[in-house]
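**Q** Before anything else, here's the structure in question.
The values are calculated or read from the model by the stated rules, or taken from the named source; none is laboratory data. Keep in mind that what you see is a predicted model, and the values were worked out from it rather than measured. Note: ideal-geometry Cβ built from the backbone for every residue, glycine included; neighbour counts use all protein chains shown. Heads up: the accessible areas ignore ligands, DNA and RNA and are worked out on the full protein's heavy atoms, side chains in. Shrake-Rupley method; radii C 1.70, N 1.55, O 1.52, S 1.80 Å.
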Amino acid sequence: MTISEAIRQRKSIRDFKPDPVSQDVLREILETACRAPSAMNTQPWKFVVVTREALERIKRENIEKLRAGEKFNSEYWAIGWSGDSVYQQRQVSLAKQIFQLMDINREDAKKRSEWMERGFRYFNAPAVIIILTDKMLKESTPFLDIGAVMQNICLAALDYGLGTCIGDQGVMYPEVLRKHCDIPESNMIVISIAVGYPNHGFPANKLQSSRESLDTLTKWCND
Ligand SMILES: Cc1cc2nc3c(=O)[nH]c(=O)nc-3n(C[C@H](O)[C@H](O)[C@H](O)COP(=O)(O)O)c2cc1C
């Protein structure tokens, strides 16, 4: 697989087989991913790898909070745009495509909330990587660097036949992760990545999300 093929092949996987991912494989993926560039080689990332019983406890508590309507406490907000923007249009278009594949009717509140819960269950993945940064770097915004390592994780996982889904839903109750993973106060919880062997039969895993045409995104400045 060439690098371009890997980039084109990567896509969000939203259901996984229950087969565990070995710790050796997870370690290799992270070691490769850490070759990501970072400003002045600051490497402003840390990882918590959650599996087995710890993951089950976190999923249970996430769902309890979600069902109780507890407010989200994300430490880093990956989402937030105005309702009349192109970003909102793209979000709606994605949701429509997923709901169509999953046969979820707009009015079907039960199925919609089941879909929502899926993200807080890390899409049934057997392993979840939580990316942390150092709170002292807040002002220098280490998030470009975090994005590079995040993408590297998703690409490196492909080499092992693994799928991934980046999830901000998975870190919307950071207090749950803090409690079960003993995350120090000095660290900020940024994002989660679900990792596992894709369930290829799952309808939403067939989604090929759309992209804006390059011509609307690019200005060529030559002379
Ligand atoms: C920062 C970030 C947060 C995301 N959070 C979620 C999430 O909470 N739930 C989800 O289903 N997908 C989530 N995604 C996946 C995006 O929806 C997905 O990347 C996008 O629709 C493009 O599709 P693709 O990954 O299949 O190419 C997230 C992606 C990023 C980069």
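**Q** Across segment 133-147, which residue is nearest to the ligand (Cβ to nearest atom) among those that are out of contact with any helix residue (DSSP H, G or I) (no Cβ under 9 Å at 6 or more places or on another chain) and open to solvent by less than 40 Å² (accessible area, probe 1.4 Å)?
**A** If we take residues in segment 133-147 being out of contact with any helix residue (DSSP H, G or I) (no Cβ under 9 Å at 6 or more places or on another chain) and open to solvent by less than 40 Å² (accessible area, probe 1.4 Å), then 147 is nearest to the ligand (Cβ to nearest atom).
**Q** Oh, and also: Please find, among 201, 196, the residue that is in contact with a strand residue (DSSP E or B) (Cβ under 7 Å, 6 or more places away or on another chain) and more than 27 Å from residue 86 (Cα to Cα).
**A** Just a single option satisfies the conditions, and that option is 196.
**Q** Report yes if residue 68 is without any contact (Cβ under 8 Å) to a residue 60 or more places away in the chain and more than 28 Å from residue 207 (Cβ to Cβ), otherwise no.
**A** Details: without any contact (Cβ under 8 Å) to a residue 60 or more places away in the chain: yes; more than 28 Å from residue 207 (Cβ to Cβ): yes.
Yes: the conditions hold for residue 68.
**Q** Related question: Can you confirm whether residue 54 is open to solvent by less than 50 Å² (accessible area, probe 1.4 Å), at pLDDT 95 or above and of a type outside the set (Phe, Trp, Tyr)? Working first, answer last.
**A** On the way: open to solvent by less than 50 Å² (accessible area, probe 1.4 Å): yes; at pLDDT 95 or above: yes; of a type outside the set (Phe, Trp, Tyr): yes.
For residue 54, the condition - open to solvent by less than 50 Å² (accessible area, probe 1.4 Å), at pLDDT 95 or above and of a type outside the set (Phe, Trp, Tyr) - is met.
Yes/no matrix, rows are residues, columns are (1) open to solvent by 10 Å² or more (accessible area, probe 1.4 Å); (2) under 16 Å from residue 22 (Cα atoms):
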| site | (1), (2) |
| --- | --- |
| 160 | yes, yes |
| 165 | no, no |
| 170 | no, no |
| 175 | yes, no |
| 182 | yes, no |
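**Q** Quick test of your reading of the structure: residue 147 fulfils all but one of (1) without any contact (Cβ under 8 Å) to a residue 12 or more places away in the chain; (2) within 12 Å of the chain's Cα centre (by Cα); (3) not in a helix (DSSP H, G or I). Name the failing condition by number.
**A** (3)
**Q** Among the numbered criteria (1) free of Cβ contacts under 8 Å to residues at least 12 places away in the same chain; (2) open to solvent by less than 20 Å² (accessible area, probe 1.4 Å), which one does residue 214 miss?
**A** With (1) free of Cβ contacts under 8 Å to residues at least 12 places away in the same chain; (2) open to solvent by less than 20 Å² (accessible area, probe 1.4 Å) applied to residue 214, the lone miss is (2).
**Q** Determine which member of the set 93, 82, 4 is in a loop (DSSP other than H, G, I, E, B), of a type in the set (Ser, Thr, Tyr) and either open to solvent by less than 80 Å² (accessible area, probe 1.4 Å) or closer than 19 Å to residue 144 by Cα (or both). Give the derivation first.
**A** On the way: 93 fails: in a loop (DSSP other than H, G, I, E, B); 4 fails: in a loop (DSSP other than H, G, I, E, B).
Selected residue: 82, the only one of 93, 82, 4 that is in a loop (DSSP other than H, G, I, E, B), of a type in the set (Ser, Thr, Tyr) and either open to solvent by less than 80 Å² (accessible area, probe 1.4 Å) or closer than 19 Å to residue 144 by Cα (or both).
**Q** Restricted to segment 161-194, and to residues that are touching an Asp or Glu at 6+ places or on another chain (Cβ under 8 Å) and assigned to a loop (DSSP other than H, G, I, E, B), which residue is nearest to the ligand (Cβ to nearest atom)?
**A** Going through the qualifying residues, I end up with 173.
**Q** Sticking with this structure for a sec: Testing residue 47 on (1) under 26 Å from residue 199 (Cα atoms); (2) loosely packed, with under 15 Cβ neighbours inside 10 Å, one condition comes back false. Which one is that?
**A** (2)
**Q** Which condition from (1) in contact with a helix residue (DSSP H, G or I) (Cβ under 6 Å, 6 or more places away or on another chain); (2) free of Cβ contacts under 8 Å to residues at least 60 places away in the same chain; (3) within 26 Å of residue 136 (Cα to Cα) is the one that residue 32 breaks?
**A** (2)
**Q** Next question. List the residue pairs whose Cβ atoms are under 9 Å apart, where the first residue sits in segment 49-64 and is within 15 Å of residue 129 (Cα to Cα), the second is loosely packed, with under 15 Cβ neighbours inside 10 Å, and the two are 6 or more positions apart or on different chains.
**A** 49/23; 49/27; 51/20; 51/23; 52/20; 58/179
**Q** Hey, can you tell me all the residues within segment 96-124 that are open to solvent by less than 60 Å² (accessible area, probe 1.4 Å), hydrophobic (A, V, I, L, M, F, W, C) and either away from the ligand (no atom under 11 Å from the Cβ) or outside any helix (DSSP H, G or I) (or both)?
**A** 99, 102, 104
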